1. Can you tell me the FRET efficiency between residue 219 and residue 150 if r is taken as the Cβ-Cβ distance and R0 is 41 Å, rounded to the nearest 0.05?
2. As an exercise, use a Förster radius of 35 Å and the Cβ-Cβ distance of residue 14 and residue 157 to find the FRET efficiency, rounded to the nearest 0.05.
3. Can you give the FRET efficiency to the nearest 0.05 for residue 49 and residue 179, using r as the Cβ-Cβ distance and R₀ = 30 Å?
4. Using label points projected 7 Å from each Cα along Cα→Cβ, tell me how many nm separate residue 95 and residue 117, to one decimal.
5. For residue 21, project a label point 7 Å along Cα to C-beta. Then give me every residue of the range 35-61 with its amide nitrogen under 14 Å of that point.
6. At a 1.4 Å probe radius, which order do 124, 62 fall into by accessible area, largest first?
7. With no solvent and one equal point scatterer placed on each C-alpha of the chain, evaluate the Debye formula and give log10 I(q)/I(0) for q = 0.17, 0.18 Å⁻¹, two decimals.
8. Chymotrypsin sites (Phe, Trp or Tyr not before Pro), restricted to the range 150-229: which are DSSP loop and have at most 14 other Cβ atoms within 10 Å?
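The values are calculated or read from the model by the stated rules, or taken from the named source; none is laboratory data. Every value quoted in this text rests on a predicted model; they were computed, and no experiment measured them. Note: ideal-geometry Cβ built from the backbone for every residue, glycine included; neighbour counts use all protein chains shown. Keep in mind that these areas ignore ligands, DNA and RNA; they rest on the heavy atoms of the full protein, side chains included. Shrake-Rupley method; radii C 1.70, N 1.55, O 1.52, S 1.80 Å.
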Amino acid sequence: FLELQQSPAVAGLDEPVALAMDAAGDTLYVAAANSNAVTVFDRNPATGALTFLETLVDGVGSVDGLAGASSVAVSFDGEWVYATGENDDAVVVFDRDPGTGALTFAQSKADGIGGVDGLAVPRSVVVSPDDLNVYVAGSGDNAIAVFTRDLLLGTLTFREVVRDGVGGADGIAGVSALTLSGDSGLGFHLYAAGSGENALGIFRRAASDFGKLTYVDAERDGLIGDLGSYAYFGTRI
């Protein structure tokens, strides 16, 4: 008799909150808050169908920092995956197998440990198009944490924190989402959603200076932005 092998049951999708796919479209990654996990699906490019591959759970094996998993991103070289754990105030690094999409835990960086700052309640992680930097939105810190990335090892080194109301930075109170422009593939500007003040913060990124961010402007609900100054119904404030 021919014995049919049953596919494993899907796990790790309790309250999925974020998705990411590698550039080739071969693998889908899901961050699930209540599962404290990143779940991996193999994707059929022709049909779009998904096949469950594995789930990486906080506290299982060597995995650490994924409690309340809140966001996930894939490096542009397809070699690494980054995720945030909202309840652990952490960003997590996974080594990615480009052939299968499978993940291996590599590193965790937590707020307040080893000089790291700006990671309280992280809700978004992005990788720069040149793969040199990783940026994390720390909603609880009203801040953006800046990391440089080892191109060979994928690991992160903390560089700076940009905090709302400090050094002129504005528009990132309760920051909840980040995106980078892809100018010439370098990511010259970073945009941040400040949910706590109904605003968008705009920053210039210096790729040649460890990805340092410089505040440019903010767009605020009901106001007209003008390089950091605002007008409301035509009256400058």
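1. 0.75
2. 0.60
3. 0.60
4. Here the answer is 3.3 nm between the modelled labels.
5. Residues passing the 14 Å test: 41-51.
6. Largest to smallest exposure gives the sequence 62, 124.
7. Normalising to I(0) and taking log10 leaves -1.18, -1.29.
8. Answer by residue number: 210.
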